Amino acid sequence: MGYKTKVQHIARKGSEQFYATLPSALAHALEIQKGEPVEWIVADKANIILSRPEAPPNPVEVEKKTKRPCGTRSTGCSNSATRPGGCART
């Protein structure tokens, strides 16, 4: 799920700043507080990461599952015979 926003530019005498707003629904879902310190991390020219050094802990521990290659019994894939060596799904 993504939240779109536009970057604003403020030009003043001798300085300029760019602003990107955080949608209210996202801020509430993440329990972000007014005045909370954050840090921008540049991943590459297309992606930046907003890091929260003082973020509250997750209320529930979520176990991350890794995807298994299609065609294995655990995925329940019935298309493994369609293509040699694997499933027809992409």
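No value in this document is a laboratory result; all are computed from the given coordinates. These figures come from a predicted structure and were not determined experimentally. Using ideal geometry, Cβ is built from the backbone for each residue, glycine included, and neighbour counts are taken over all protein chains shown.
For the reader, a short list of remarks on this structure follows.
- Most positive-pole-ward Cα, 40, 29, 14, against dipole of region 1-55 from beta carbon charges: 14
- Set 6/67; 13/45; 6/65 screened for pairs whose C-alpha atoms are more than 30 Å apart: 6/67; 6/65
- In order along region 4-21, the phi-based Karplus estimate (6.51 cos²θ - 1.76 cosθ + 1.60, θ = phi - 60°) of 3J(HN,Hα) comes to 8, 8, 10, 7, 9, 10, 10, 10, 10, 4, x, 7, 8, 9, 10, 10, 10, 7 Hz; Gly and Pro are listed as x.
- Label-point separation in nm, residue 36 to residue 11, each point 7 Å along Cα→Cβ: 3.4
- Across region 1-55 the C-alpha pair distances fall into 10 Å bins from zero in the proportions 17, 47, 31, 4 percent.
- Rounded to whole Hz, the Karplus (6.51, -1.76, 1.60) HN-Hα couplings of region 44-50, x for glycine and proline: 6, 5, 9, 9, 10, 10, 9
- Relative contact order, percent, region 1-54 [alpha-carbon distance under 8 Å, six or more residues apart]: 22
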